[in-house]
1. Being of a type outside the set (Phe, Trp, Tyr) and open to solvent by less than 60 Å² (accessible area, probe 1.4 Å) is the filter here; which residues of region 33-45 pass it?
2. Scanning for something β-branched (Val, Ile, Thr) and more than 8 Å from the chain's Cα centre (by Cα), does region 81-88 turn up at least one residue?
3. Working only within region 2-32, note down all residues that are open to solvent by 40 Å² or more (accessible area, probe 1.4 Å) and not β-branched (Val, Ile, Thr).
4. Considering only residues that are in contact with a strand residue (DSSP E or B) (Cβ under 8 Å, 6 or more places away or on another chain) and surrounded by fewer than 14 Cβ atoms within 10 Å (Cβ to Cβ), which ones fall in region 93-123?
5. Can you pull out every residue in region 46-65 that is assigned to a loop (DSSP other than H, G, I, E, B) and open to solvent by less than 60 Å² (accessible area, probe 1.4 Å)?
6. State the number of residues belonging to region 124-175 that are free of Cβ contacts under 8 Å to residues at least 12 places away in the same chain and within 23 Å of residue 4 (Cα to Cα).
7. Could you tell me whether residue 81 is under 25 Å from residue 175 (Cα atoms), modelled with pLDDT of 95 or more and open to solvent by 50 Å² or more (accessible area, probe 1.4 Å)?
8. Here is a list: 55, 27. Which entry is at pLDDT 95 or above, among the aliphatic types (A, V, I, L, M) and closer than 25 Å to residue 163 by Cα?
Amino acid sequence: MNSSTVLLLPGWQNSGPGHWQTEWERAHGDQRVQQHEWMRPLRGDWSARLEEVVADAAGPVVLAAHSLGCILTAWWAAHTRHAHKVRGALLVAPGDVERPDLAAQIPGWAPIARQSLPFPAVLVGSRNDPYCSFERAQAMAADWGARCIDYGERGHINAESGLGTWPEGRAMLQSLADKD
């Protein structure tokens, strides 16, 4: 990614084997932002950890977020002093934590921060994502000022989607890293 560090922001329960984030970490040496608690995520803790990693980065970063990682990105961006270090964010399959079933499973993450992001972003949504309707993903993209890509029926765009190293997603990430 040129001189940018790619930070992988997994969602709830982390990204396991076969997930495109895990494949990118293995194939490209991207840096996964490790959270203390993957099963009972706390928004403040996750945001503080992201703040620490971005602050410590030697140069610019590009964020590659999945699911709850997208919600984290928006919340963190509303509070950080380090947004200037972010060249762009790839936001994949955001989880709708305002839905009653998800709010009960992952408490403390609603409401979703809806301000325009201070860096370029692309949101990739699926029409049959069990954790977020495509219409809700489009609304988040609009609020965040992100370009929205309709990725068809790809489920939660995770390991079960069978994307492997997901070259299409990598190209989207590269286009964000190349922006000035």
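The values are calculated or read from the model by the stated rules, or taken from the named source; none is laboratory data. Bear in mind that the values here come from a model prediction, so they are computed numbers and not experimental data. When we count neighbours, we look across all protein chains shown, and the Cβ atoms used for this are built from the backbone with ideal geometry, even at glycine. Remember, those area values only see protein heavy atoms, side chains included, never the ligands or the DNA or RNA. Shrake-Rupley method; radii C 1.70, N 1.55, O 1.52, S 1.80 Å.
1. Here is the first cut: in region 33-45, the residues of a type outside the set (Phe, Trp, Tyr) are 33-37, 39-45.
Those that are of a type outside the set (Phe, Trp, Tyr) and open to solvent by less than 60 Å² (accessible area, probe 1.4 Å): 33, 35, 37, 41, 43, 44.
2. Taking region 81-88 and keeping what is β-branched (Val, Ile, Thr), we get 86.
Still in the list and also more than 8 Å from the chain's Cα centre (by Cα): 86.
For region 81-88, residues β-branched (Val, Ile, Thr) and more than 8 Å from the chain's Cα centre (by Cα): present.
3. Residues of region 2-32 that are open to solvent by 40 Å² or more (accessible area, probe 1.4 Å), as a first pass: 2-3, 5, 12-14, 17, 25-29, 31.
If the condition is that a residue be open to solvent by 40 Å² or more (accessible area, probe 1.4 Å) and not β-branched (Val, Ile, Thr), then 2, 3, 12, 13, 14, 17, 25, 26, 27, 28, 29, 31 are the ones that fit.
4. Of all residues in region 93-123, those in contact with a strand residue (DSSP E or B) (Cβ under 8 Å, 6 or more places away or on another chain) come to 93-94, 117-123.
Scanning region 93-123 gives a single hit, 118.
5. Selection gives 57, 59, 60.
6. 3
7. Numbers: under 25 Å from residue 175 (Cα atoms): yes; modelled with pLDDT of 95 or more: yes; open to solvent by 50 Å² or more (accessible area, probe 1.4 Å): yes.
Criteria met by residue 81.
8. Working: 55 fails: closer than 25 Å to residue 163 by Cα.
Matching residue, one of 55, 27: 27.
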